[in-house]
Amino acid sequence: MISTRTANESDARAIARLVNTAFLVEQFFIERDRTNPATVRSLLKKGNFLLAEDVNHLLGCVYFEVREGRGYFGMLSIDPSRQRTGLGRQLVDAVEKYFRDAGCKFSDLKIVDVRTELHELYRRWGYADTGTAIYDDPTPTKIPVHFITMSKLLS
């Protein structure tokens with residue numbers, strides 16, 4: 001049985017571990033952990049993480065916050081053994097419902113342009129390109145990258 005709940009500071013290590021495992025696929029363009037417990041705790045001060053877990057394990061998470069009346073989510077991370085099971089979609093659906101309930105008309109995200117599978121996935125989920133942004137992570141990348149910004153009208 002999978003349950004969901006919002007995170008608290010004591011979840012920071014488990015969240016960082018899951019995110020870093022899920023984002024190992026990015027090592028073709030950057031060599032570093034995606035996050036760490038201190039960053040997770042910092043994010044929890046301005047937004048939250050929705051967690052999906054079974055009795056023993058954290059299976060998925062997504063960061064979300066309301067920014068100037070618009071929803072924003074990122075760091076959608078699913079345990080590699082549970083990817084392609086619909087769990088990521090369930091988390092995004094729950095976050096979009098949260099945004100609607102908070103009065104947001106849009107849900108926004110950004111992805112790295114070289115993660116083409118994510119671009120295709122979010123387009124299937126109703127997100128459209130809204131522009132590009134500079135990749136502002138201070139860690140050097142192996143190849144040139146930039147962000148693609150995407151948005152979805154919440155009805």
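Computed from the coordinates by the stated procedures, all read-outs in this text should not be read as laboratory data. Note that the coordinates shown come from a computational prediction; the quantities given were computed from them, not determined experimentally. FYI the Cβ positions are ideal-geometry reconstructions off the backbone, even for glycines, and counts take in every protein chain you see.
Would you please classify the overall shape of the chain from the alpha carbon gyration tensor, given that a ≥ b ≥ c denote the square roots of the eigenvalues, rounded means a/c under 1.5, and beyond that prolate means a/b larger than b/c while oblate covers the rest? Judged from the Cα gyration tensor, the chain comes out rounded (a/c under 1.5).
As a calculated quantity, the FRET efficiency between M1 and E26 at R0 = 25 Å, using C-beta atoms, amounts to about 0.20.
For segment 31-81, the relative contact order is 25 percent, taking Cα pairs closer than 8 Å that sit 6 or more residues apart in sequence and dividing their mean separation by the residue count. Over all pairs of different C-alpha atoms, segment 75-155 has a mean inverse distance whose reciprocal, the Kirkwood radius, equals 14.0 Å. Entry note, the chain: the mean residue ellipticity at 222 nm calculated from DSSP H runs of n ≥ 4, each adding -39500 (n - 2.57), is -8000 deg cm²/dmol after division by the residues and rounding to the nearest 500.
Each of G69, L51, H119 was placed along the dipole of the chain (beta-carbon charges, centred on the mean Cα), and the one lying farthest toward the positive end is G69.
Rounded to whole numbers, the Karplus 3J(HN,Hα) couplings from phi for segment 129-146 are 5, 10, x, 10, 8, 5, 6, 9, 5, x, 6, x, 9, 6, 9, x, 9, 8 Hz, using 6.51 cos²θ - 1.76 cosθ + 1.60 with θ = phi - 60°, and x at Gly and Pro. The lysines within cross-link reach of K97, meaning a Cα-to-Cα straight distance under 29 Å and a gap of 8 or more places when in the same chain, are K45, K46, K105, K110, K152.
Compute the FRET efficiency between H146 and D54 as 1/(1 + (r/R0)^6), taking r as their Cβ-Cβ distance and R0 = 41 Å, and round to the nearest 0.05. E between H146 and D54, to the nearest 0.05, is 0.65.
A Förster radius of 35 Å combined with the Cβ-Cβ distance from N8 to L154 puts the calculated FRET efficiency at roughly 0.85. About its Cα centre, the chain has a charge dipole of approximately 200 debye under the convention of +1 per Lys or Arg Cβ and -1 per Asp or Glu Cβ, with nothing else charged.
In this structure, the amide hydrogen of V114, modeled 1.01 Å from its nitrogen in the peptide plane, lies closer than 5 angstrom to those of H146, counting only residues at least 5 positions away or on a different chain.
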